[in-house]
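Participant: Supplied in structure tokens, the structure appears directly below.
The values are calculated or read from the model by the stated rules, or taken from the named source; none is laboratory data. Just so you know, these numbers come straight off a predicted model, no measurement behind them. Using ideal geometry, Cβ is built from the backbone for each residue, glycine included, and neighbour counts are taken over all protein chains shown.
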Amino acid sequence: MPTRVSGVIAFVMAVMAGTANVGAQSSSSGQAGAKPKFDVASVKPCDPHVTRGTFAGSTGRGRVAYTCQSLMSYIIGAYGRWASGQMVRGNLPTNVEGGPSWINTDMYQIDAKAEGEASVGLTAGPMMQSLLEDRFKLKIHRETREGPAFALVAAKGGLRLPAAKVACFVQNPGQPRPPLQPGQTPPPLCGWGRQTGDGIAVHGSTMEDFCLALSGLPLRLDRRKIVDKTGVKGQFDFDLKFPPEDPGLDGEPGARSAPDPAADLARLQGALRGAGLQLVQAKAPYEFLVIDHVERPSAN
């Protein structure tokens, strides 16, 4: 089996074992049409002896200014989190296979600009893809494989879904939030999860959006996808409350329990029970990025 590797670019979490043993099913990787490009770009290797902080750099309209990151991190950001020019929902890892070991260890600083004000998603995704393909001679394709997941279904007691009542904002690409009056609280994004002190709130949510919000929770569920199998249509307001996590280990005050996916799953099941929902074992498609060719970058 090929070795699976991953990196982190600020907000992308590393690949975990939840989708390690899956059957392969190839799919085409190409994107229709020519990708947009930066007008000016600089790629510089970083001195491995210089201590670096945790700041990963910044992305703006028509520009990127990344500090020292591995090529793997750049691949995950450009082909994973921002692949289509819009941020991918949920918090699932990007699965990457192939490539030499240096793509995880060699660090590079990337600064690039384009004329005009391309969106943040366009610069972080398709335009960064063009840069990596040009400067690193990167060739990559996508494969879809089936792996273990969870399906959201109705519990035996029946559904108890609260109809959507909270005013929320439907996010569309390029559309800003409506202006606020002085002292007015910004409305939540429809279908996007917001973590509360003891759970998660999702307003104006379809069941599919709710599953994406659940997939984004920082729970130890082996990074498994959650898919909607309720068959329910409409929009709802969810305010899940999690049972308290065991704060101690072996009865010692202040000690935290070791990571336990089964315990986190039980907590989530307890929160879902109030809405008449539960998770069951299932299978779902996962996307893998496979590196076919890559070279160290050419000089500026």
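Participant: Tally the residues that are at positive phi and touching a residue at least 60 places away in the same chain (Cβ under 8 Å), restricting the search to the stretch 105-138.
Facilitator: Of the residues in that region, 1 qualify.
Participant: Moving on. Just name the residue that is modelled with the highest pLDDT out of those in the stretch 240-254 that are assigned to a loop (DSSP other than H, G, I, E, B) and among the acidic types (Asp, Glu).
Facilitator: Among them, the one singled out is Glu245.
Participant: Among Ala149, Ala155, which is closer than 21 Å to Arg89 by Cα and among the hydrophobic types (A, V, I, L, M, F, W, C)?
Facilitator: On inspection, the qualifying residue turns out to be Ala149.
Participant: Another question about this same structure. Any residue in the stretch 50-71 that is in contact with a Ser or Thr (Cβ under 7 Å, 6 or more places away or on another chain), among the aromatic types (Phe, Trp, Tyr) and assigned to a loop (DSSP other than H, G, I, E, B)?
Facilitator: yes
Participant: While we're here: Identify the single condition in (1) of a type in the set (Lys, Arg); (2) assigned by TED's automatic domain parsing to the domain that holds Gly98; (3) surrounded by fewer than 19 Cβ atoms within 10 Å (Cβ to Cβ) that Arg135 does not satisfy, given that it satisfies every other one.
Facilitator: (3)
Participant: Continuing with this model, one more query. I'd like to check something: does the stretch 115-130 contain any residue that is of a type in the set (A, V, I, L, M, F, W, C), in a strand (DSSP E or B) and either assigned by TED's automatic domain parsing to the domain that holds Ala271 or surrounded by 14 or more Cβ atoms within 10 Å (Cβ to Cβ) (or both)?
Facilitator: no
Participant: Now, a different point. Could you say which residue among Met87, Met72 is crowded, with 21+ Cβ neighbours inside 10 Å and outside the structural domain of Phe210 (by TED's automatic domain parsing)?
Facilitator: Answer to the selection: Met72.
Participant: Can you give me the number of residues within the stretch 163-189 that are in a loop (DSSP other than H, G, I, E, B) and loosely packed, with under 13 Cβ neighbours inside 10 Å?
Facilitator: 18
Participant: Among the strands (runs of 3 or more DSSP E) lying completely within the stretch 190-239, list those that include at least 3 residues that are surrounded by fewer than 22 Cβ atoms within 10 Å (Cβ to Cβ) and touching a residue at least 24 places away in the same chain (Cβ under 8 Å).
Facilitator: 199-205
Participant: Conditions: (1) under 30 Å from Val232 (Cβ atoms); (2) surrounded by 18 or more Cβ atoms within 10 Å (Cβ to Cβ). Thr144 meets all but one. Number of the miss?
Facilitator: Result: Thr144 fails condition (2) only.
Participant: Moving on. Modelled with pLDDT of 90 or more and either within 23 Å of Gly270 (Cβ to Cβ) or of a type outside the set (Gly, Ala, Ser) (or both), is that true of Arg142?
Facilitator: It is true that Arg142 is modelled with pLDDT of 90 or more and either within 23 Å of Gly270 (Cβ to Cβ) or of a type outside the set (Gly, Ala, Ser) (or both).
Participant: Residues of the stretch 72-100 being closer than 28 Å to Arg220 by Cβ, part of a loop (DSSP other than H, G, I, E, B) and modelled with pLDDT of 95 or more, which ones?
Facilitator: Matches in the stretch 72-100: Gly98, Gly99.
Participant: Give the stretch 101-110 a look and list any residue that's part of a strand (DSSP E or B) and of a type outside the set (A, V, I, L, M), or say none.
Facilitator: Matches in the stretch 101-110: Tyr108, Gln109.
Participant: Closer than 30 Å to Ile226 by Cβ and either touching a residue at least 12 places away in the same chain (Cβ under 8 Å) or in contact with a helix residue (DSSP H, G or I) (Cβ under 7 Å, 6 or more places away or on another chain) (or both): does that describe Trp102?
Facilitator: So Trp102 does not fit the description; no.
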